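*Asks:* Quick one: structure below, then a few questions.
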Amino acid sequence: MAFANYKLNNGLEIVVDDNPHCQLTAVGYFVRAGAVDEPAELSGVSHFLEHMCFKGTPHRTALEINQQLDDLGANCNARTGEESTVYHATVLPEFQGAIVELLSDMMQPTLAEEDFVTEQQVILEEIAMYRDQPPYGGHEQIMTSYFASHPLGQPVLGTEQSVSAMTPTGMAAYHRQRYSPSNMVLAAAGRVDVPQLLQDVERLTKHWPVANLPPRQRTTVQGHSGRQTLVVPQANQHYVLQLSPGPSLHDPDRYAARLAAMIFGDDTGSRLFWELIDTGLADVAAVGHYEYESGGVLMSMLATRPEDAEEVWETFERLEREFSDKLPTERELQLAQAKSIAALCSANELSENRMFDLGSQWSTYGEFKSVDEVVELYRRVTLADIRRVIERFPTTHKQVLWIGPDGESCSAE
Amino acid sequence: MRESQQFKHVLSNGIVVLGETMPWLRTAAFSLQLRAGSAYQPVGQNGLAALTCEMSERGCGEYGNREFLEATELLGAHTSNHVATYHIGYSGSCLSENFGPLLALYAQLSRRAHLQVNEFEPALLVCQQELHSQEDDLPQQTLRLLRQQYFGPTLGQWPDGDLAELPGITYDAVSDYYQRHYRPAEMILSLAGNFDWSATIERIEALWGDWHGGETSRLATPPAEVSYQHLEESSQQTHIALAAPSVPFGQDDYFLIRCAVGALGDGMSSRLFQEVREKRGLCYSVFAGIHSLQDSACITSYAGTTAARAQETLDTMVVEFARLQEGITEEELQRIKTQVRTGLMAQQESCRSRAGAMASDWFYLGRVRTREEINAELNRLTVPRVNQYLADHPIRITSLVTVGPAPLELPDGVCQL
C-alpha cells in the first residue's frame, strides 16, 4: 500500500492510497459544502447543487454526463450531508483518465435555467418520497429540534418553501464560494496510476476560480432536550427517534464512545438486541453515532407495533438508566472490539471504501490513518475509557420524537 | 500477484462445495444454501420458511441462543441469513484465521438446531415485526404485490411470510420443516477468499460428511395471469410496478433480453431514467430489471411519483416499453458490456459477493462460470442479434400494480390479452 498526498497551486489537495492488489479504481471529490454552510434562504442548496452537477457543464449536456458515466461502467453517485458533498465513482483501471476528466468537468456546472426548473421538481419529489417513509420524515425534524439555531439543525434537503424559492443566481454565488479548489479534496484509491492522475488533475482544474473562503466557524453545540410527536396517518408502525450528546469528529474519545454505543445498541448482540429484538418486542432498536466537526450526537431509533410501543419505550429507558450503573463488562468490550475490527478490515478490501475513508479523513483532519492504525486505536480502548465516555455523554439530556399514526398513543411519558 | 484458483468437491451425501481462492485478501466468506425456500411451504403457511430460519439461529449443538451469536461475534464474523424462493441461505465472512471455526458453527446450525419450544414465541414475533415494518415501505409493498400477481400462489409467495398466515403456523410445523428441508442432498456451500482449499475440504468432510438424506424436486410455474390491481393508500406518492414475460436466466436468449432491459431501465442513461426523470422530472426513482426464477422470469419496472403525475408517468413508461421493439443501439450495448465487466471485477474485491455469485451460478446453471466464459459470452452479443430477438418477441405488459390515493387508467395494450 502506498499513501501519498499532494497540493496543487490552486489549493486543491489530492490524496492517493494506491494498492496494486485492487481490481478497480475509485475516485471522489470531497467538497466542504453542506447544510451547515447554507444561509437560511438557501436551505437545501448544497443538495440541490449536487443534483445540478449532473445536469450539464460547458462541455456536456445532462444526457451526455449520464451516458458517459454508464459507458464507463461507473458505479457513480453523490451524497450531501451536513458538512460535506461527495461525488464519487468506481471504474475499471483503464477508465481512470476518463472518469477523472468527467468528474472534474461536473464540478463546474452550467446551472441552466431550464434544467434548474426540472430538477427543482425532482427534489420536491424526493422530499415527498421521504415523507412517505415515516422514520425519514422524522429525521430532519428531530435534528432541527435538537440543534435548534445551530447550523447542524438545517435540513439537508431544505424545505418545500426554500427549494421552490431558490434561483440559479443564488446557487451560482454559493457554488463560487464553496467549490473553490482550496475547499476541496480529490481522493483516489484502489489501482491508481498516480503520475497520470496528478498530470490530469492539474490540467483539468487550473482554470477553476479560487475564492477567498473564511474557515468554517465551529460553534459549540448546545443540544436541546424535549419531547415531540409527529403524526403520520398512514404509518403502520410506531417509531421513536432520540438524540443525545456524543463526541465530535475531533474528540479523542470517539473510538471508546463508538464501542460503548455498540455494547448498548448495536443491531446484533447488544443490550438492546437481547431485550428488544431477540424477544420480538421491537422491529428496530439500534443506536448510531453521528459525528460532526462541531459536535456529535447519539441517535437511537426504535420501531415497533403500536400495541407494544409503550413497553418498548419503557424497556429502552430502563436499559439506558442501567447502562451507567451496570457498566459494560470485559466480555462485552471484547465482543464490540472483535466486531469493529473485523468490519474495518473487511470494508477496507473494497477500493470504494478505501477512497471514502481516505477522502473523509483528509478533508476532516488533513491527515490519514491506515486501517491498521485505526484497528490499534480500537484495541487500546479499556473499560476505564468506556466508563469515562458514559459519564461524559449522559443520555438524560435528550430530544425525543414519537412518530405514529395518531397523536394520542404517542404521548407516553 | 498470486492468481485465484477455482475448485469443486462433491461429498458422498450430495453436498456441492465450490471454492475460489483469492489470496490477496485478508478475509474469507461462505454462502450456504439449503433447499428450504418459500416455494416449498405448504399452502396457507407462508412464513414457515422465515420462521424456521429464525428458529435455526436460536441455539444449536453445544451452543444456546446467546452463546451462538457471541461465538460468531468473537470470531469477528459478519453473518446474515436470507429466505428466498428456493433457498434459505446463510452467509458469513471473517478474517482468514477464523474461517474454519466459523464454518464449524454453521455446520452445527444446519444439522443440530435446538428449535427450543420456548424460543418459538419470540421467533414468531420477530417474523411478524419484520412484516409490520414492511407495511410502511410502499415501494416494497408494490413490488411484493406484483410478484404475487405475476408468479402465482407458490413461487410468488413473499419469502418473508404473510401476516395473515403466520399465526396459524405451529411449532410442530417448524420442527417438521427443518427436519425435511435442512438436508445435504441439495445443499450448496460456496467459499471464496483467502483460505486453504485442501485443509478446508478436509474440515468440511469432517463437519458434514456423515450427514444424510434429502431429495431433489423441481417446482413447476403456472402461467401468469393478466391483471391490474390497485391498492388504496393515503400516501403522497403513487407507486407503479409492472411486469412483462421474459426468458429465465440460464436459457440461451437470456443475455439478449438482459441487454435490452439494461438499455430500458438500468442506470442513469437508461431510457426510463432519461424520459421519466430527466426530461419530465416526474419522479425520483424509476428503473427496470429482470426477476428470474428457475423456469420463468419477468421484466419488472417500478416508479414512484406524486399522485397527480402518476398517469403521465405510467403512460411514459409504457411508451418506452413499446419503443424497445425497434431495437437498441451500439452505444447501449457497449455500455451494458462494460457494466457487466465492471461487476465481474468488483467480485474480485469482495469475497462475500463472489461466494454468493458462485452459489447462484451453480443453482441456475449447474456450473460456475469463469470470467473467461462470461467475457466470451459478452463478445458474442451483437446489436443485430439483440434487435432480431426484440423484433421476433414483442414485449407485452401483462401485470400492473399501483398503490396510492387513486387507481390509474390502463394505457392501450397494457394488461390485455
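*Asks:* For region A:1-75, what is the relative contact order in percent, using Cα pairs closer than 8 Å and at least 6 residues apart in sequence?
*Replies:* 14 percent
*Asks:* Right, another one. Classify chain A as rounded, prolate or oblate, taking a ≥ b ≥ c as the square roots of the eigenvalues of its Cα gyration tensor: rounded when a/c is under 1.5, otherwise prolate if a/b is larger than b/c and oblate if not.
*Replies:* oblate
*Asks:* Under 8 Å for C-alpha pairs, at least 6 residues apart: give me the relative contact order for chain B, rounded to a whole percent.
*Replies:* Computed over chain B, the figure is 21 percent.
*Asks:* Based on the Cβ-Cβ distance from B:Ala220 to B:Gln416, what FRET efficiency comes out when R0 is 25 Å, to the nearest 0.05?
*Replies:* That pair, B:Ala220 with B:Gln416, gives E of 0.45.
*Asks:* Going by alpha carbons, how many degrees (0 to 90, nearest 10) lie between the helix axis of B:351-365 and the longest principal axis of chain B?
*Replies:* 70 degrees
*Asks:* Over region B:5-208, what portion of Cα pair distances is larger than 23 Å, expressed as a whole percent?
*Replies:* When all Cα pairs of region B:5-208 are counted, 47 percent exceed 23 Å.
*Asks:* While we're here: Count charges around B:Thr338 for me, please; just the other residues with Cβ under 15 Å from its Cβ, Lys/Arg as +1, Asp/Glu as -1.
*Replies:* -3
*Asks:* Over chain B, with a Gaussian network built from C-alpha contacts below 10 Å, which listed residue (B:Asn375, B:Asn118, B:Asn13) shows the highest mean-square fluctuation?
*Replies:* Highest fluctuation among the options: B:Asn118.
*Asks:* Under the Kirkwood approximation applied to all pairs of distinct alpha-carbon atoms, what is the hydrodynamic radius of region B:204-264 in Å?
*Replies:* It is 17.3 Å.
*Asks:* Anything over 29 Å Cα to Cα? Flag those among A:Lys55/A:Lys206; A:Lys326/A:Lys369; A:Lys7/A:Lys339, in the order listed.
*Replies:* A:Lys326/A:Lys369; A:Lys7/A:Lys339
*Asks:* Expressed as a whole number of Å, what is the distance separating the alpha-carbon centroids of region B:300-334 and region A:186-245?
*Replies:* Centre-to-centre (Cα) distance: 33 Å.
*Asks:* Mind grabbing the interface size between B and A? I mean buried accessible area, both sides, 1.4 Å probe, in Å² to the nearest hundred.
*Replies:* About 5500 Å² of accessible surface is lost on pairing.
*Asks:* Kindly state, to the nearest 0.05, the FRET efficiency for A:Ala173 paired with B:Arg66, given R0 = 51 Å and r defined as their beta-carbon distance.
*Replies:* 0.30
*Asks:* Sticking with this structure for a sec: Give me Rg over Rh for region B:227-404, both radii from the alpha carbons and Rh done the Kirkwood way, two decimal places.
*Replies:* 0.99
*Asks:* Another question, if that's okay. How far apart, in nm, are two points set 7 Å out from the Cα along the Cα-to-Cβ line at B:Arg369 and at B:Gln251?
*Replies:* Placing both labels 7 Å along Cα→Cβ, they lie 1.6 nm apart.
*Asks:* In addition: Could you name the aspartates and glutamates in cross-link range of A:Lys398, using Cα to Cα under 17 Å and dropping any fewer than eight places away on the same chain?
*Replies:* Result set, ordered by chain and number: A:Glu140, A:Glu291, A:Glu314, A:Glu317, A:Glu320, A:Glu322, A:Glu413.
*Asks:* Tell me the net charge near A:Arg216. Cut-off is 13 Å between Cβ atoms, A:Arg216 excluded, with +1 for each Lys or Arg and -1 for each Asp or Glu.
*Replies:* -2
*Asks:* Here is a follow-up. Compute the separation of the alpha-carbon centres of region A:32-83 and region B:344-372 and state it in Å as a whole number.
*Replies:* What the calculation gives is 34 Å, centre to centre.
*Asks:* Computed over the Cα atoms of the protein assembly as shown, what is the ratio Rg over Rh, Rh following Kirkwood?
*Replies:* Reported Rg/Rh (Cα atoms, Kirkwood Rh): 0.94.
*Asks:* May I pose another question? As a test of understanding, state the convex hull volume per residue of chain B from its alpha carbons, in Å³.
*Replies:* Considering the Cα atoms of chain B, their hull volume per residue is 148 Å³.
*Asks:* Could you name the lysines whose alpha carbon sits less than 30 Å from that of B:Lys8, not counting residues in the same chain fewer than 8 places away?
*Replies:* B:Lys337
*Asks:* Still on this structure: Quick one: work out the % antiparallel among DSSP beta bridges in the protein assembly as shown, nearest 5.
*Replies:* Of all bridge pairs located within the protein assembly as shown, approximately 80 percent are antiparallel.
*Asks:* Below 8 Å between Cα atoms, with a sequence gap of 6+, how large is the relative contact order for region B:333-417 in percent?
*Replies:* Once normalised by length, the contact order is 20 percent.
*Asks:* Related question: Under the Kirkwood approximation applied to all pairs of distinct alpha-carbon atoms, what is the hydrodynamic radius of region A:226-410 in Å?
*Replies:* 17.6 Å
*Asks:* Treating the angle as unsigned and between 0 and 90°, give the value, to the nearest 10°, between the Cα long axis of helix A:134-147 and the longest Cα principal axis of chain A.
*Replies:* The answer is roughly 90 degrees.
*Asks:* Still on this structure, please answer the following. Tilt of helix B:371-380 relative to the longest C-alpha principal axis of chain B, in degrees (0 to 90, nearest 10)?
*Replies:* Once rounded, one gets 20 degrees.
The values are calculated or read from the model by the stated rules, or taken from the named source; none is laboratory data. Nothing here was measured: the structure is a model prediction, and the numbers come from that model. When we count neighbours, we look across all protein chains shown, and the Cβ atoms used for this are built from the backbone with ideal geometry, even at glycine. For accessibility, only protein heavy atoms count, side chains too; no ligands or nucleic acids. Shrake-Rupley method; radii C 1.70, N 1.55, O 1.52, S 1.80 Å.
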